[in-house]
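The values are calculated or read from the model by the stated rules, or taken from the named source; none is laboratory data. Because the structure is predicted, anything quoted here is derived from the model rather than measured. Glycine also receives a Cβ, built like all others from the backbone with ideal geometry; neighbour counts cover every protein chain displayed. For accessibility, only protein heavy atoms count, side chains too; no ligands or nucleic acids. Shrake-Rupley method; radii C 1.70, N 1.55, O 1.52, S 1.80 Å.
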Amino acid sequence: MQQVHAFPTLSGPLATASAYANGYRETKTNLHPTATLAELRKSFGGDLPAKGQPGEDVIAELIQATEPGLVGNTQAGFHAWVMGGANITGVAADWLTSIWGQNAGIYKCSPAAATAEEVACNWLLDVLDLPRDASVGLTTGATMAGFIGLAAARDEVLRRAGYDLAETGLQYAPPVQVFLSADTHVSNRAALRFLGFGQRNIVEVPADDQGRMDVTVLGHKLANSRAPKIILATAGHINSGAFDDFPALADLAKLHGAWLHVDAAFGLWARANVTTRFMTRGIERADSWSTDGHKWLQMPFDAGFAIVRDRDAHRRAMDITASYLSEAPDGGRDATQFNPELSRRARGFSAWATFKSLGRDGIADMVHNHCACASLLAHKLRRVPGIRILNDVVLNQLVAVFDPGQGQEAADRATKQMENALNEDGQHFFQTAQWRGQRVLRISIINQQTGPRHISALAQKIEKLWSDIRA
Ligand SMILES: Cc1ncc(COP(=O)(O)O)c(C=O)c1O
């Protein structure tokens, strides 16, 4: 019979943290920080005490200093950036991860962490319907997942050109060309920079009004290149949610011997739901994919997944080996083979728990629900004179402009005014950005808490505020 644990009553710092945490999300009604930087510095500041203090006092003080500086990104009204809501079961697993204090670098350091990670990676490939024998690295987010995918790409395209990157280094290898959309996410440019690629390695391909790469221009540019090539595509544009034309990109990659990497920080999850899956058609033909755990999967920060079709290329790019880091038994998982870190957090526990808590249907329903909410909001706002939705609402993203009809500057001003007005009562958190030469309100619907009820209330609020601004 399985042993049943008796859970003793908590005491000390954990009791304080737990008692507070249980009510936090219910009481966090203002989504905006209320303290200034100077005030926060003052609350956290002072000299390092010479003597240590009791843990529960430290935690109580931490809570007091922190509260006024917190952002309510776990709440239903948070639409400013593409961030999930930190699934509470995933959070509980994340607490335990810290209690257990496991180092997930290699199997021997924590067989449980390695196995939870192995199973979570299998579930990931299954729910996203990607090649089941692809290798996966658990990362801090999509930026590092992109870094890993592109590192594998760099290694492999140079190997195909006859260069062993481990031997020659980048300096003695021919320049690689990376073909990407002019509207690619900034994190991709950062990942390329970390990998030693400069602007001269990048071939910019124009994007259409939704941010999709122009495949005809890409085809011409690829045909004119003699270099080892990487194509960097997008599933789920940061503003519009748009998807590149993957069947065409996969054909071009094949024709020109290029590696196809897809930045799919949140768009890949469209694949988990039957009504949105069609947008990812052809994505399964890519060589590598980067996605986030802390966006649509709702894992607590920080979590991402680097998925690489060619396990050997992945390992060549990342492997850290030494005689004292012995290999796992029976094909067990040594995460150092797939990640740039040696010591690392055991993210597999929260990944495993979040997957279990949502289940396959829960993930599909959530994606479906968020996309339906986005369509509903677009439908309601499009009917209001002066509100323009710039993007084709295909996913969970809306890009709105508030235009009183007096030219671009007035529209920019009104859109900024709308951001301020929406944030005023603390119930919502919105952010504007500059996109395609104008100020836009970005609306991301991706928090597990957010449903049609919130969206209807939001539509009414926007309509009322817009009528006040116009008046
Ligand atoms: C399309 C896209 N790619 C990459 C990223 C970077 O993800 P992360 O912040 O998890 O590193 C984001 C973040 O919003 C994104 O939307």
Next item on the list: Among residues belonging to the range 170-187 that are touching a residue at least 60 places away in the same chain (Cβ under 8 Å) and not in a helix (DSSP H, G or I), point out the one that is farthest from the chain's Cα centre (by Cα).
Entry: PHE179
Checklist line | Subset of the range 140-186 [within 16 Å of the ligand (Cβ to nearest atom) and among the charged types (D, E, K, R)] | finding: ASP183
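Starting from residues that are among the polar types (S, T, N, Q) and open to solvent by 60 Å² or more (accessible area, probe 1.4 Å), keep the ones in the range 49-70 and report whichever is farthest from LEU441 (Cα to Cα).
First pass over the range 49-70, keeping only residues among the polar types (S, T, N, Q): 53, 64, 66.
Restricting the remaining residues to those that are open to solvent by 60 Å² or more (accessible area, probe 1.4 Å) gives 53, 64.
Details: GLN53: 46, GLN64: 33 Å.
Restricting to residues being among the polar types (S, T, N, Q) and open to solvent by 60 Å² or more (accessible area, probe 1.4 Å), the top hit is GLN53.
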Item checked: Pairs where the first residue, in the range 126-155, is within 20 Å of ALA116 (Cα to Cα) and the second is within 16 Å of the ligand (Cβ to nearest atom) and hydroxyl-bearing (Ser, Thr, Tyr), C-beta under 6 Å, 6+ apart -> ALA145/THR139; ALA145/SER290
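Mind listing just one residue for me: the one in the range 188-197 that is of a type outside the set (A, V, I, L, M, F, W, C) and in contact (Cβ under 8 Å) with a residue 24 or more places away in the chain and, of those, surrounded by the most Cβ atoms within 10 Å (Cβ to Cβ)?
So the first thing to find is which residues in the range 188-197 are of a type outside the set (A, V, I, L, M, F, W, C), and the list is 188-189, 193, 196.
Cutting the leftovers down to in contact (Cβ under 8 Å) with a residue 24 or more places away in the chain gives us 188, 196.
Details: ASN188: 26, GLY196: 14.
Among those that are of a type outside the set (A, V, I, L, M, F, W, C) and in contact (Cβ under 8 Å) with a residue 24 or more places away in the chain, it is ASN188.
Of everything in the range 258-300, what is in contact with a Cys (Cβ under 9 Å, 6 or more places away or on another chain) and either farther than 16 Å from ILE446 by Cβ or of a type in the set (Lys, Arg) (or both)? Give them in sequence order.
THR275
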Check: When you look at ALA364, is it under 22 Å from GLY149 (Cα atoms) and in a helix (DSSP H, G or I), yes or no?
Finding: no
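Scan the range 231-247 and tell me whether some residue there is farther than 23 Å from VAL393 by Cβ, open to solvent by 10 Å² or more (accessible area, probe 1.4 Å) and either within 15 Å of the ligand (Cβ to nearest atom) or among the basic types (Lys, Arg) (or both). Explain how you work it out, then say what you get.
Quick first cut of the range 231-247, residues farther than 23 Å from VAL393 by Cβ only: 231-232.
Checking which are open to solvent by 10 Å² or more (accessible area, probe 1.4 Å) leaves us with none.
No: zero hits.
Considering only the range 283-319, state which residues are assigned to a loop (DSSP other than H, G, I, E, B), within 16 Å of the ligand (Cβ to nearest atom) and surrounded by 19 or more Cβ atoms within 10 Å (Cβ to Cβ).
Our first condition is that a residue be assigned to a loop (DSSP other than H, G, I, E, B); within the range 283-319, this holds for 286-287, 293-303, 309-310, 319.
Okay, now just the ones that are also within 16 Å of the ligand (Cβ to nearest atom), so 286, 293-303.
Correct list: ALA286, GLY293, HIS294, LYS295, TRP296, LEU297, GLN298, MET299, PRO300, ALA303.
From the list ASN87, ASN103, ASN73, which residue is at pLDDT 95 or above, of a type outside the set (Val, Ile, Thr), open to solvent by 30 Å² or more (accessible area, probe 1.4 Å) and out of contact with any Cys (no Cβ under 7 Å at 6 or more places or on another chain)?
Residue meeting the stated conditions: ASN73.
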Check: Taking the range 410-469 on its own, how many of its residues are open to solvent by 10 Å² or more (accessible area, probe 1.4 Å), under 23 Å from the mean Cα position of the chain (by Cα) and of a type in the set (A, V, I, L, M)?
Finding: 1
Next item on the list: Within the range 254-270, count every residue that is surrounded by 24 or more Cβ atoms within 10 Å (Cβ to Cβ) and more than 11 Å from the ligand (Cβ to nearest atom).
Entry: 6
Check: Taking the range 320-336 only, how many residues are without any contact (Cβ under 8 Å) to a residue 24 or more places away in the chain and either of a type in the set (Phe, Trp, Tyr) or open to solvent by less than 10 Å² (accessible area, probe 1.4 Å) (or both)?
Finding: 1
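Is it true that some residue in the range 235-246 is more than 26 Å from ALA400 (Cα to Cα) and modelled with pLDDT of 95 or more?
Step one: filter the range 235-246 for residues more than 26 Å from ALA400 (Cα to Cα), giving 246.
If we keep only those that are modelled with pLDDT of 95 or more as well, we get 246.
Yes - at least one qualifying residue is present in the range 235-246.
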Checklist line | Every pair of residues 6+ apart whose Cβ atoms lie under 6 Å, when the first sits in the range 279-292 and is within 16 Å of ARG315 (Cα to Cα) and touching a residue at least 12 places away in the same chain (Cβ under 8 Å) while the second is open to solvent by 10 Å² or more (accessible area, probe 1.4 Å) and more than 16 Å from the ligand (Cβ to nearest atom) | finding: ASP287/ARG309
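Determine, yes or no, whether ALA76 is farther than 28 Å from GLY137 by Cβ and without any contact (Cβ under 8 Å) to a residue 40 or more places away in the chain.
Numbers: farther than 28 Å from GLY137 by Cβ: yes; without any contact (Cβ under 8 Å) to a residue 40 or more places away in the chain: no.
For ALA76, the condition - farther than 28 Å from GLY137 by Cβ and without any contact (Cβ under 8 Å) to a residue 40 or more places away in the chain - is not met.
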Next item on the list: Would you be able to tell me the number of residues in the range 134-185 that are open to solvent by 10 Å² or more (accessible area, probe 1.4 Å) and β-branched (Val, Ile, Thr)?
Entry: 4
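What tally of residues in the range 36-47 results from selecting those that are open to solvent by 80 Å² or more (accessible area, probe 1.4 Å) and modelled with pLDDT of 95 or more? Before you say what the answer is, go through the steps one by one.
Pass one, the range 36-47, residues open to solvent by 80 Å² or more (accessible area, probe 1.4 Å): 37, 39, 41-42, 44, 47.
Add one more test, that the residue is modelled with pLDDT of 95 or more, and what stays is 37, 39, 41-42, 44.
Of the residues in that region, 5 qualify.
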Item checked: Listing of helices (runs of 4 or more DSSP H) fully contained in the range 6-122 that carry 2 or more residues being in contact with a Gly (Cβ under 6 Å, 6 or more places away or on another chain) and away from the ligand (no atom under 16 Å from the Cβ) -> 55-66
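Within the range 150-169, how many residues are assigned to a helix (DSSP H, G or I) and under 32 Å from the mean Cα position of the chain (by Cα)?
Start the filter on the range 150-169 by keeping residues that are assigned to a helix (DSSP H, G or I), which leaves 150-160, 165-168.
When the remaining residues are screened for being under 32 Å from the mean Cα position of the chain (by Cα), the result is 150-160, 165-166.
Count: 13.
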